[in-house]
Amino acid sequence: MSFLRTLGSSLNCKDIAVDLGTANTRVYSRGEGIVLNEPSVLAVNTATGAVIAVGKEAKGMMGRTPTGIAAIRPLKDGVSTDFEFTEKMLRYFIQKIHKHRSLARPQVVVSVPSGTTEVERRAVEEATVQAGAKSVLIIEEPLAAAIGAGLPIHESAGNMIVDIGAGTTEVAVVSLGGIVISQSARVGGDDIDQSIINHFKKYFQLLIGERTAESLKINIGSALPMGNDRLEDEVTGCDLVSGLPKSVLATEADIRRSVEEPVSRIVHVIKEALDRTPPELSSDITLTGMTLSGGGALLTGIAERIQDATGVQVLLAEDPLLCVAMGDGKCLEGFATMKNILTSSVT
Ligand SMILES: Nc1ncnc2c1ncn2[C@@H]1O[C@H](COP(=O)(O)OP(=O)(O)OP(=O)(O)O)[C@@H](O)[C@H]1O
Ligand SMILES: [Mg+2]
């Protein structure tokens with residue numbers, strides 16, 4: 001706590017907050033707002049380990065890299081699976097926004113999924129320090145999402161937030177500035193993309209790439225029939241039998257069927273969380289509803305699907321993709337009132 005007090009007095013305008021997501025990293029800079037929003041991807045020379053591209057440029061290379069270059073996503077399921085490349089990516093992003101500014105090392109607020117182990121949490125802290133941070137404060141992602149979505153987290157009434165990211169779905173009930181219960185599962189947008197890939201392999205003998213699968217999900221995917229039955233998209237991939245390029249026409253119903261399994265897992269996590277919610281807070285949630293954040297919340301029909309399955313009103317946060325980063329940023333800006341919800345392993 002004494003460390004937090006000292007830190008509070010030394011926060012300055014170059015300090016940043018980082019939402020280190022499985023698919024996207026966002027950086028909020030004190031006094032400025034969100035200054036960086038890029039895919040969590042690196043393109044690397046496989047022989048030397050040298051980084052060739054980071055962020056948008058590296059994502060553009062995914063599935064297209066020649067021999068000797070690999071596109072790497074160093075985070076999986078919201079946690080760092082590749083320490084070295086997580087650090088390199090963070091260092092690149094921190095340097096990018098600190099260009100032309102003071103060389104002093106920034107203090108960094110970083111969010112981690114609520115289900116992370118102590119070891120995984122340490123790895124994120126360590127990578128952030130190695131990437132150039134002077135010190136690191138951690139906030140749990142669902143709390144950041146709730147703050148970013150504008151929920152009144154300090155009130156005694158319970159509020160429910162559901163963040164559906166690329167790697168994890170996190171559900172939390174917050175009250176009096178803290179998480180009362182949380183439920184997290186390693187299922188999200190990446191699993192939906194993978195299910196689409198598997199569907200095309202199984203039913204069309206067609207191998208498609210991750211980016212094609214993601215575009216299909218975004219363009220014609222849905223979690224419930226939404227009356228868009230005539231939506232279709234031409235899908236090009238590699239014929240698994242002949243090895244030659246092949247195109248097929250995919251319908252909205254094809255994609256809906258293919259995403260069913262991960263979508264039901266997401267719904268299941270939410271039902272489990274509701275089941276574990278203490279009765280007083282449950283009745284608050286019945287009145288206020290639950291709020292969805294994260295990119296997965298943008299899947300057509302997901303809000304309706306969750307509402308049908310739970311009977312609780314589902315609201316979509318204003319800018320679902322940016323809620324966590326905005327919440328991290330609000331903690332940085334309002335440090336004096338927010339410090340109780342930040343943790344640090346530095347004593
Ligand atoms: N319009 C859309 N419809 C469906 N899915 C979408 C849409 N837009 C983005 N997504 C998906 O949202 C996911 C990215 O969301 P987000 O940026 O919140 O994840 P993340 O924070 O990187 O992941 P995590 O929080 O799990 O670490 C991707 O799987 C992406 O395909
Ligand atoms: Mg996220």
- Message: 5 Å is the cut-off here: which amide hydrogens, built 1.01 Å from N in the peptide plane, fall below it relative to LEU137, excluding neighbours closer than 5 in sequence?
- Response: VAL108, VAL109, VAL110
- Query: Given the pairs LYS59/LYS202; LYS88/LYS330; LYS14/LYS330, which span a C-alpha to C-alpha distance of over 19 angstrom in this model?
  - Reply: LYS59/LYS202; LYS88/LYS330
- Message: With a 1.4 Å probe and all protein chains kept in place, how do TYR92, TYR28, TYR203 rank by accessible area, largest first?
- Response: TYR203, TYR92, TYR28
- Item | Solvent-accessible surface (1.4 angstrom probe) belonging to LYS339, in square angstrom, nearest 10 | 60
- Query: Among LEU249, LEU75, LEU137, whose mean-square fluctuation peaks in a Gaussian network model of the chain (Cα, cutoff 10 Å)?
  - Reply: LEU249
- Report Rg/Rh for segment 189-259, rounded to two decimals, where Rg is the Cα radius of gyration and Rh the Kirkwood radius. 0.95
- Query: Expressed as a whole percentage, what fraction of the accessible surface of segment 189-259 belongs to carbon and sulfur atoms when a 1.4 Å probe is rolled over the protein heavy atoms?
  - Reply: 50
- Simple Cβ-charge dipole of the chain, Lys/Arg +1 and Asp/Glu -1, about Cα centre, in debye nearest 20: 1140
- Sorted by mean Cβ packing within 10 Å, highest first, what order do the peptides 51-57, 236-242, 138-144 take? 138-144, 51-57, 236-242
- Roll a 1.4 Å probe over the protein heavy atoms and report the accessible area of GLU304 in Å², nearest 10. 80
- Message: Of SER242, ILE218, LEU207, which is farthest towards the positive pole of segment 189-259's charge dipole, taken about the Cα centre with +1 and -1 on the beta-carbons of Lys, Arg and Asp, Glu respectively?
- Response: SER242
- Note on the structure: Shape descriptors of the chain over alpha-carbon atoms, Rg and Dmax in angstrom, are 20.8, 66
- Can you give the accessible area per residue of the chain, in Å², using a 1.4 Å probe? 44
- Evaluate the charge dipole of segment 189-259 about its Cα centre and quote only its size in Debye, nearest 20, assuming +1 on the Cβ of each Lys and Arg and -1 on the Cβ of each Asp and Glu. 180
- Query: Peptides 274-280, 157-163: what's the order by average Cβ count within 10 Å, highest mean first?
  - Reply: 157-163, 274-280
- Query: Once every DSSP H run of n ≥ 4 in the chain is given -39500 (n - 2.57) and the sum is divided by its residues, what mean residue ellipticity at 222 nm do you get, rounded to the nearest 500 deg cm²/dmol?
  - Reply: -12000 deg cm²/dmol
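The values are calculated or read from the model by the stated rules, or taken from the named source; none is laboratory data. Model, not experiment: these values are computed from the prediction. Positions of Cβ are generated from backbone atoms using ideal geometry, with glycine treated the same way; all protein chains shown enter the neighbour counts. Protein only, heavy atoms only, side chains kept; ligands, DNA and RNA dropped before computing areas. Shrake-Rupley method; radii C 1.70, N 1.55, O 1.52, S 1.80 Å.
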